[in-house]
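The structure under discussion appears below in the form of structure tokens.
The values are calculated or read from the model by the stated rules, or taken from the named source; none is laboratory data. What you see is a predicted model; the values in this text were computed from it and never measured. So basically every Cβ, Gly included, is an ideal-geometry build from the backbone, and we count neighbours across all protein chains shown. Just so you know, the surface numbers come from the protein's heavy atoms only, side chains and all, with ligands and any DNA or RNA stripped out. Shrake-Rupley method; radii C 1.70, N 1.55, O 1.52, S 1.80 Å.
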Protein chains: 2
Amino acid sequence: MADSRTRRDRVGAAAITVDLVIFTVRDDELHVLVIERGKEPYLGRLALPGGHVRDDETLDEAALRELAEETGLDGRKLHLEQLRAYGDPGRDPRGRVVTVAYLALGPDMPLPVAGTDARAARWVPVQPLLEESAALAFDHGVILREGLERARSRLEYTTVAAAFCPETFTVADLRRVYEVVWGVRLDPSNFRRKVTRAERFLIPTGERRTPGTGRPAALYRRGPAQLLHPPLLRTGDVARAQSTGPGLR
Amino acid sequence: MADSRTRRDRVGAAAITVDLVIFTVRDDELHVLVIERGKEPYLGRLALPGGHVRDDETLDEAALRELAEETGLDGRKLHLEQLRAYGDPGRDPRGRVVTVAYLALGPDMPLPVAGTDARAARWVPVQPLLEESAALAFDHGVILREGLERARSRLEYTTVAAAFCPETFTVADLRRVYEVVWGVRLDPSNFRRKVTRAERFLIPTGERRTPGTGRPAALYRRGPAQLLHPPLLRTGDVARAQSTGPGLR
DNA sequence: TCAAAAGTGTTGGCCATACACCCATGC
DNA sequence: GCATGGGTGTATGGCCAACACTTTTGA
């Protein structure tokens, strides 16, 4: 490669950050954790939690640290995976900032009390955020959308849906996760057959939980399986309507 | 966030690069494009092609530019998608370098003649590279492995397998792509049924191609479909043996 | 020169499985 | 009303056999 560079060839250093798309299910609705920005740019606007990557930590470690700082929870109990990097030159008016987005899935969590962090973090429903394109600062709206699609896709082929549930849960709890994340209604009978047939996905605890009304439901604990065999596919209509497909933007 | 930082808290700028995992199928074997490094570190070692992201370009643009520089081909004719970011503090001995890896899939391409670029780029079979863990410089062995798994997964749910084929191709050509990338044998009859049933995947050209021996095969052109409905799933054994699953490393 | 063999693509059938839809039952 | 379980028709996939078309081989 040539070592002499013209002005257009200039390569400078960039700031590296991580941003987190943290989903949970509360009140039968998908929520995402957002913070209210306390400084310019985008002062007062909602944004995804995140921060700078330190010199001595990996990207994964930075994501875990930010997760702990923003939610007060142990990231090792959540599902956490890298989404992708976003680095358009103009995405941050302060200069070149490349952010590595992470997707986190967890059960309905107690929020960090106000004061543990300067920024006020809170759960907000995802749907309204998707409809208003400029609801989030920077390009966080795009990141949120791609995080949602990744989460929807992950539910098909992996067992991460259980990450949305507490320690023990019923098949109906798990089904509600799928229904809320995918935005569809699922047949309880077929759903039960599929998730109980999958090996090492659900481990019966032997206990039962009595809902306000109706027959007591069996309680399960999460099994060691990571991949779903066979996968729980969204039906054609759902997949076509929601999937964005791969490729460059 | 606190503005006072201890030594451990230090956040500095990082260099941003893109690296490309470029796959093709030649002689019924999966190949990847590698270059031989012409300077330290890892002088003389094989590496994935890539380079620095310029100040005024997006990550995608940098990937397209590097692809053109290294292969001499128009990246818009290939399938190109971001894999993920790699940024461990020690991955480059020269300092903090965060690289954004891209996956590219294309038909068997003429290589750039020696001299267009200082580095000698060439196709090498993937399998031996996987078996020798330190065959590639930096953490490129990890990137290659994750790129391969992504490619294998993409073949299941999308129509990108056609990106490995020339303008017009036969069903058997397409089947060989699946067999080579997945490393399995597929039933010709079932494969034909599935790919021809998928809507807008294959468009018959009306022409036929006569192989060295045997019945002439119908020629197809790639259709506009991006997603495969229904998907062409790897069977349980194959998926279990090859898939790495999501999550942090 | 012609016929048989070999090789590859193409088509269709059979069967087991999996799923969607529906209904019955327990609490 | 909700969880659970079973039953049935349909769709799909795996396996297999037959057929179509061409080149090669050899008498």
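Chain B contacts chain A over a buried accessible area of about 4500 Å², both sides summed; the probe is 1.4 Å and only protein chains count.
With R₀ set to 25 Å, the beta-carbon distance separating A:Ala134 from B:Asp56 gives a calculated FRET efficiency near 0.55.
With label points set 7 Å from Cα along Cα→Cβ, the inter-copy distances at A:Pro211 are 5.6 nm, sorted shortest first. A label point on B:Pro41, set 7 Å along the Cα-to-Cβ line, lies at 3.5 nm from each of its counterparts in the other copies, closest listed first. Annotation: per residue accessible area for region A:14-140 equals 39 Å², rounded to a whole number [probe 1.4 Å, protein chains only]. For chain B, the longest principal axis of the alpha carbon atoms and the long axis of helix B:188-197 meet at an angle near 80°.
What do you reckon, how do A:Asp187, A:Asp19 stack up by accessible area (1.4 Å probe), largest on top? Could the numbers behind the result be given before it?
On the way: A:Asp187 75, A:Asp19 15 Å².
Putting A:Asp187, A:Asp19 in descending order of accessible area: A:Asp187, A:Asp19.
Counting DSSP beta bridges with both partners in region A:14-140, what percentage is antiparallel, nearest 5? It would help to have the intermediate numbers written out before the result.
Working: 21 of 31 bridges.
Given both bridge residues lie in region A:14-140, the antiparallel proportion sits at roughly 70 percent.
With a cut-off of 15 Å, note down the residues of region B:10-43 whose backbone N falls inside the zone around a label point 7 Å from the Cα of B:Gln127 toward its beta carbon. Those under the cut-off are B:25-32.
How much of the DSSP bridge set in chain B is antiparallel, in percent, rounded to the nearest 5?
Numbers: 29 of 39 bridges.
Close to 75 percent.
For the Cα trace of the protein assembly as shown, dividing Rg by the Kirkwood Rh returns an Rg/Rh value of 0.98. Normalising the average separation of contacting C-alpha pairs (under 8 angstrom, six or more residues apart) by the number of residues puts the relative contact order of chain A at 19 percent. For chain B, what does the helix formula give at 222 nm: sum of -39500 (n - 2.57) over DSSP H segments with n ≥ 4, over the residue count, nearest 500 deg cm²/dmol? Result for chain B: -8000 deg cm²/dmol, rounded to the nearest 500.
Just the number: Rg to Rh for region A:156-241, Cα atoms, Kirkwood Rh, two decimals. Result for region A:156-241 is an Rg/Rh of 0.96. Spin-label model, A:Glu69/A:Glu207: points 7 Å from Cα along the beta carbon direction are separated by 3.7 nm. Within the same chain, aspartates and glutamates fewer than 8 places from A:Lys194 are excluded, and of the rest, those with a Cα less than 18 Å from its Cα are A:Glu156, A:Asp173, A:Glu179.
Each other residue within a Cβ distance under 12 Å of B:Arg193 adds +1 if Lys or Arg and -1 if Asp or Glu, for a net charge of +3. Overall size of region B:140-196 from C-alpha positions, given as principal axis extents largest first: 37, 24, 17 Å.
The relative contact order of region A:156-241 comes to 39 percent, based on Cα pairs under 8 Å that sit 6 or more residues apart.
Calculate, for A:Glu149 and B:Arg45, the FRET efficiency according to 1/(1 + (r/R0)^6) with r their C-beta to C-beta distance and R0 35 Å; round to the nearest 0.05. Don't skip to the answer; put the middle values down first.
Working: r = 37 Å, r/R0 = 1.07.
Given R0 = 35 Å and the Cβ-Cβ separation, E is 0.40.
Can you give the % of DSSP beta bridges in the protein assembly as shown that are antiparallel, to the nearest 5? Bridges in the protein assembly as shown are about 75 percent antiparallel.
Quick one: among A:Thr210, A:Thr196, A:Thr71, which has the greatest mean-square fluctuation in a GNM of chain A with alpha-carbon springs under 10 angstrom? Top of the fluctuation ranking is A:Thr210.
Taking label positions 7 Å along the Cα-Cβ direction at both B:Arg221 and A:Arg76, the computed distance is 5.7 nm, reported to one decimal.
Remark: label point of B:Val11 defined 7 Å out from Cα along the Cα-Cβ vector; separations to the same position in other copies 2.4 nm, ascending. Relative to the dominant Cα principal axis of chain A, helix A:140-157 is inclined by about 40°.
Comparing mean-square fluctuations of B:Arg26, B:Arg185, B:Arg215 from a GNM of chain B with C-alpha springs under 10 Å, the top value falls on B:Arg215. Taking the protein heavy atoms of region B:15-144 in the context of the full set of protein chains, the accessible area attributed to carbon and sulfur is 51 percent at 1.4 Å.
Taking only protein heavy atoms and a 1.4 Å probe, the accessible area of region A:156-241 is 48% carbon and sulfur.
Could you sort B:Thr213, A:Thr17 by their accessible area in this structure, using a 1.4 Å probe and putting the largest first? Don't skip to the end; give the middle numbers.
Details: B:Thr213 120, A:Thr17 20 Å².
The residues order as B:Thr213, A:Thr17, largest area first.
Residues considered: B:Leu111, B:Leu148, B:Leu83. Largest GNM mean-square fluctuation over chain B, using C-alpha springs under 10 Å, is found at B:Leu111.
Region B:57-87: which residues show an accessible-area loss of 30 Å² or more, assembly versus chain alone, 1.4 Å probe? Relative to the lone chain, where solvent access is computed with a 1.4 Å probe, region B:57-87 loses at least 30 Å² at B:Thr58, B:Leu59, B:Asp60, B:Leu80, B:Gln82, B:Arg84, B:Ala85.
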